[in-house]
1. Just for region 582-596: of the residues that are open to solvent by less than 50 Å² (accessible area, probe 1.4 Å) and under 30 Å from TYR733 (Cα atoms), which one is nearest to the chain's Cα centre (by Cα)?
2. Does PRO180 fit the bill of being more than 17 Å from TRP504 (Cβ to Cβ), in a loop (DSSP other than H, G, I, E, B), touching a Gly at 6+ places or on another chain (Cβ under 6 Å) and open to solvent by 30 Å² or more (accessible area, probe 1.4 Å)?
3. Under the condition of being of a type in the set (Ser, Thr, Tyr) and over 16 Å from ALA436 (Cα atoms), which residue from region 138-171 is surrounded by the fewest Cβ atoms within 10 Å (Cβ to Cβ)?
4. So which residues in region 559-576 are touching a helix residue (DSSP H, G or I) at 6+ places or on another chain (Cβ under 8 Å), over 10 Å from THR653 (Cβ atoms) and surrounded by fewer than 20 Cβ atoms within 10 Å (Cβ to Cβ)?
5. In region 191-238, which residue that is in a helix (DSSP H, G or I) and aromatic (Phe, Trp, Tyr) is least open to solvent (accessible area, probe 1.4 Å)?
6. Mind counting the residues in region 267-295 that are touching a Pro at 6+ places or on another chain (Cβ under 8 Å) and at negative phi?
7. Would you confirm, using the coordinates I've provided, whether VAL790 is surrounded by fewer than 23 Cβ atoms within 10 Å (Cβ to Cβ), among the β-branched types (Val, Ile, Thr) and touching a Lys or Arg at 6+ places or on another chain (Cβ under 7 Å)?
8. Could you pull out the residue among LEU521, LEU579 that is assigned to a helix (DSSP H, G or I), touching a helix residue (DSSP H, G or I) at 6+ places or on another chain (Cβ under 7 Å), buried (at least 17 other Cβ atoms within 10 Å of the Cβ) and not β-branched (Val, Ile, Thr)?
Amino acid sequence: MLHKDRLHPMASIFSELIRRPGRIGITPGTLLLGIGLILGIAASPPLAVAAGPTGLPPVEARRFLQAHCYDCHQGDESEAGLDLLTLVEPAADEVFLGETEDLTERWVRMIDRVREGEMPPASAGELSTDEIESFVEPVSDWLRSHQRAETEQLGRVRGKRLTNLQLERTLHDLFGIDIPLADGFSDEPRVGGFVSIADGQAMSHFQLEQHLRAVDASLDEAFRRAGSKPDRYDKTFSPTEIAKRRPGQRNREPELREGLAVVWSSRLIFYGRMAVTTAPADGWYRFTIRASSVKSPDQHGVWCSVRTGPCVSSAPLLQTLGGFEATETPGEWTFEGWLPKGHMLEVRPADANLKLARFAGGQVGAGEGEPQDVPGVAIHQVTMTRVHRGADDDGVRERLIGSLRVEATGQGARGLVSDQPEADVSELVRDFARRAFRRPVAADESEPYVQIALAALAEGESLDRAMRAGYRAVLCSPRFLYFTELPGRLDDHAIASRLSYFLWNRMPDETLIGLADRGELSRPEVIREQVRRMLADPRGDDFVQDFSDQWLDLCDIDFTEPDPRLYRDFDPLVQHAMLLETRHYLRKMLDEDLSVNHLIDSDFTVLNSRLARFYGIEGVEGDQMRVVPLRPKDRRGGLLTHGSILKVTANGTVTSPVIRGVWVSERMLGEHIPPPPTNVPAIEPDIRGATTIREQLDKHKSSDSCAGCHVKIDPPGFALENYDPAGQWRTKYLTAGGKGRQAVDPSYEMPDGETFSGIEDFKRLVLRQPERLAYGLAEKLFTYSTGAAVRFGDREEVWRVVEQTRDTGHGFRSLVEAVAVSPLFLSK
């Protein structure tokens, strides 16, 4: 089996074909397939793979199962579809070499359920501690021994590559560019909630084609900026320009009223678009908006959304940049966003609680909103400036061409000039390979890429095209796309990459590379120092957003929309503020190293006036997010009651204690909920007479196969029933007309038999075991950072991390640091 460390000559051959496929008659599809073979070989483990626990389980385990479990779990009609004969009979030895990951998980679930007293069921009689340990200990040792041997041979993580986001940011860092790239990739599968898991990172020829497009787009942009004049666009628009329309014309632009450009509160789509802000070219633009309110409500200002898009009926989707609260006193707000050429700005009142104007024919005429006595926003001025979020043009040139000169080459064109082109190209390609591969590169490893560039020069290609060919070959190498990690402890450069992609999702910076070059990065105290530095950096905000988007499913917040007939107070401004609440809250937990208890409860949250009004919390003014102390009557506190969490765990119309219960159990409480048994339907036939979700679940869990999981799932699900699908507090379930009907009952019983009456009691009971919360968060951090789920044999190390952070109350930052110095993190 070829190893990726020995593939570079082959990679260079295919990179040569990428540069000039037509010269030798290779089609793009065949070419991409060839690249796929390279990457597939590079990512594949050796053939001698032990895919699961081999041999028979310990004899003690077989005796236990025969004595206590065979009555219900053997044959085709076995309970929960678990036929133990397939696990313990001699013939099953052959099965272990097949699809054994599922078999391993079955053994793990059996260990957990027997240890926790869930199985055998109480009806079969209670087991003694010695009887339980006679099964748990030998099977645990058996599984750990297998996984330890497998890790020593292959490592925990195999064939991990850059995610779409990591690829985009790495290309940005390499060239200093800032164009969006990740949107051009197919959606990535989430394994255990995360896209960074190696087991879920397939590589198809479609993905390879997308990779090449991203590489070419990056090279195009880098060479454009290195060889052209700076991108400049800076204009200030007056109300007259913003409200540009002919007398008597009806359209969807703002209207001129008392010298200001006014947009009235209305449901009319694209009303408030500003054609004058149409982007002249793809790019990042900064908008500074000066505005005030018109006819504000008595209790608050006029909340407005700021969005961008084509603003035409054939392209209805808009991108949200943010929002602001306009008041009678003019204010100024700044927003940044990427606008493709032809997209424009839309600013409009967007508060769902505002009175709405009605306009006939889908257009608005000047003066039609005034007599309807509705709120509006008056635009005083808009400044639109082209900006770059990465390096400036000099920085792009330095990364791309070093000290080479860019000069006019005739007919308005510009190109690279060198007195010694072969030497300069060789040096630049070698340096680029070192940066792209994120580690030192020996001369023989970089030589194939250098030769591609030199060959282009020899054939008469221009200097910039020769360099581009060499760079493109480097970026098509497995060493760029995949992480270079060998079984055992990671070397310093692999640690630098793992740290950087863990906390920033981008390539290591000069500080990390310098430490790795000096061999200092494997020292625990240095790693802890770097974790603190990286989290304190503005890029530390990326960790909060990237991790929470996957861990908490915040990336799915747009997946459902609360039914406006039932949840009339909800609007996009509320949703945007919900995301900001959770991100600011987690950032505060990180900065102040607050305990994991804050996942469940706290005496503060982070709000602006719009979200506070949605929650029913008084005394919050202004559109900036700020820390707000909570009172018992606010019925908030902890991540658990954030609107963002409550929304992503509902379907927009109703809530389900099962869905929310599974989510809380797996995301916060450190529980692993297996999928329902294949031979048990979601709803048993005999529950059709039940009238409430509580009665349905009581009947559903009457089966021993269901009860073991529902005893864990149902408590958090019912504790959150007072929160509707939009995240507001309720005491009754609503009908389609928005009227209350049946009263909400949030009471339930914990797995240990203790009861609670609602969310506050539930929080109190959960907080008795903060170590379980710490374990759950540490497990997610390990999975996210290493690219492999925590296995049974890894659990002891996760518990060591929990114990190491006890003195800080299992602070969030302490857990991140402890994970980063753990042997699990520092090994392949």
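The values are calculated or read from the model by the stated rules, or taken from the named source; none is laboratory data. These numbers were taken from a predicted model, which means no experiment stands behind them. All Cβ positions, even for glycine, are placed from backbone atoms using ideal geometry, and neighbour counts span all protein chains on display. We work out accessible area using only protein heavy atoms, side chains counted, and drop any ligands, DNA or RNA first. Shrake-Rupley method; radii C 1.70, N 1.55, O 1.52, S 1.80 Å.
1. THR582
2. Criteria not met by PRO180.
3. SER145
4. Across region 559-576, the qualifying residues are PHE559, ASP569.
5. PHE223
6. 9
7. no
8. LEU579
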